[in-house]
Amino acid sequence: MLTFSEQTRAASLTRMAEDRFDVLVIGGGITGVGIALDAAARGLSVALVEKDDFAAGTSGRSSRLVHGGLRYLEHGELGLVRESLRERGILFRLAPHLVRPVPMYMLAGDLRRRATYRAGLTAYEMLAAGRNIGYHTSVSAGRVAEAIPGFGGRSRGFKYFECQTDDARLTIEVARAAHAAGARLANHARVTGLLGEGRVTGATVTDEMTGQGFEVRARAVVNATGIWAERVAELAAGSGGVRLRPSKGIHLVFAPGAVRTTAAVVAPSAAHDGRYVFIVPWEDRVYAGTTDTPYQGDLDDPAVGDADRDYILAAVAGLFPGVTGRDVVASWAGLRPLLGQDDAGDTTSSDLSRKHAVFTGPFGLYTITGGKLTTYRAMAEDLVDRVAADLGGSGPCRTREIPLGLHGPAAAAVRLARDEVARLGLPPRTAVRLVRRYGDDWRQAARLIGEDASLGEPVADGLPVLGVEVALARSREMALTDQDVYVRRTRLTTLGLTPSTGSRRE
């Protein structure tokens, strides 16, 4: 097992203060760690610093779907949809344990709506160009009732497929792959300034755990801080061009049994604004989202407001009668770094493009923002292509072929894991969980349980998270704080557990 721990971080910080790097990446979200992996895999020396924790921002607060963006077809963004579908296929191949197919149901009771959905899904699958996860089918009202037993009506519909992931765990796995490729990474290390006169030659950094400051020198500095990109760019004199219009998206998590469905559902918004809400099974719960509203508040801690909550609740209750706010056990809010436009005027955030953009300047500084979780790898390739060319060249991009934590099919790993967990006296579902969370490292997780049987038990009654997951969060995934463990590595807060007391909120 590759060690990626507090000790790894300490060693990386020491090297950062001593060495000069080809590339310094600022930002430990999915885009930043993707850039670190791409650059390191090409043979460039790479350092990455993140002011909070990996995936603490947008990358850990998404809808947890790797998808092509069916609704982007409405805006005519065929190129973005095609790119997203291509990247969905690549990620499904590289991380089959983390990026898994999920059936999606769209209800269509009338002929006009069925014709519209059929045309859209057909175009969507054509754009996938052979990289489909599965093909859409028309489903009867009886089949809808079987898949969605809590549905309060009767309707025919369509079933199609996207992929589901744990966005924070995907980010961690990419960070670990970057570390394996030679990159030096550190979370809880804040950039406080940029170095250089006339050109950017590095950054001043403060270790948030100790308060110690130091300098990291690099030939190129990449600002991959997402919604904070404007603020970081402003640290460099002469920077400009980065304009963001943050958009807030919130999700609600419902108690086990409150929303009865075995498949994800695409529900029309009750506001009749043309938007849809994803209702998605997760563990033994269901979450629903998302909103898409302009945001001007605190970038570090966006809140779930009453209007946000009511918007999602109304959509869910429209299909699942009887669901109320009392059924909500957790929630999260995230901000999308949407690109501002000079002529945007009163354009709503839902109409702004999800494409990414790269800004250069002053010399030595590259800023990348926009984009979406699904396309992070392509974004990284675009950025590193530009940086490598300016630095005098490097090897070709290799990230289409670098496995992200699992070599070989997930099903084969689960079969092997089942034998081992049976030997330990644990149920078969434990094998599935260990493979889905750790890929090839399920063996190390099983070994730890073999040494301490208590690690094979849930951390709290009625929850699926095992004690071994908390242990590995610190030794395998560089979790330093309780928030790192509870919020991102194990998702215990999503399941309704509070990190301060370890108590249930439901």
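The values are calculated or read from the model by the stated rules, or taken from the named source; none is laboratory data. Being a predicted model, the structure only gives us computed values, none of them experimental. Positions of Cβ are backbone-derived with ideal geometry, glycine not excepted, and every protein chain shown enters the neighbour counts. Ligands, DNA and RNA are excluded from the accessible area calculation, which covers all protein heavy atoms including side chains. Shrake-Rupley method; radii C 1.70, N 1.55, O 1.52, S 1.80 Å.
Residues that are under 22 Å from the mean Cα position of the chain (by Cα), polar (S, T, N, Q) and farther than 19 Å from Asp327 by Cα occur at least once in the stretch 242-261. Within the stretch 451-465, track down each residue that is in a helix (DSSP H, G or I) and without any contact (Cβ under 8 Å) to a residue 24 or more places away in the chain. Listed by number, the residues that qualify are Glu451, Ser454, Leu455. Apart from one condition, Gly395 fits all of (1) of a type outside the set (Asp, Glu); (2) within 21 Å of Ala168 (Cα to Cα); (3) at pLDDT below 95; the exception is (2). For the structure I just gave you, tell me whether Ala471 is within 30 Å of Lys51 (Cβ to Cβ), more than 21 Å from the chain's Cα centre (by Cα) and assigned to a helix (DSSP H, G or I). Spelling it out, Ala471 is indeed within 30 Å of Lys51 (Cβ to Cβ), more than 21 Å from the chain's Cα centre (by Cα) and assigned to a helix (DSSP H, G or I).
Mind checking which residues of the stretch 103-119 are basic (Lys, Arg), under 28 Å from Arg64 (Cα atoms) and free of Cβ contacts under 8 Å to residues at least 12 places away in the same chain? Matches in the stretch 103-119: Arg113 only.
Within the stretch 412-450, the set of residues being in a helix (DSSP H, G or I), open to solvent by 30 Å² or more (accessible area, probe 1.4 Å), touching a helix residue (DSSP H, G or I) at 6+ places or on another chain (Cβ under 9 Å) and of a type in the set (A, V, I, L, M) comprises Leu416, Ala422, Val432, Leu448. In the condition set (1) closer than 29 Å to Thr293 by Cβ; (2) open to solvent by 10 Å² or more (accessible area, probe 1.4 Å), Asn223 is compliant with all but (2). Looking across the stretch 66-116, the residues that are part of a helix (DSSP H, G or I), open to solvent by 20 Å² or more (accessible area, probe 1.4 Å) and among the hydrophobic types (A, V, I, L, M, F, W, C) come down to Leu70, Leu73, Leu78, Phe92, Leu111, Ala115. Residues in the stretch 126-140 that are touching a strand residue (DSSP E or B) at 6+ places or on another chain (Cβ under 8 Å) and not in a strand (DSSP E or B) were compared, and the one that is most open to solvent (accessible area, probe 1.4 Å) is Tyr135.
Residues that are among the polar types (S, T, N, Q), open to solvent by less than 50 Å² (accessible area, probe 1.4 Å) and free of Cβ contacts under 8 Å to residues at least 40 places away in the same chain within the stretch 190-220 comprise Thr204, Thr206, listed in sequence order.
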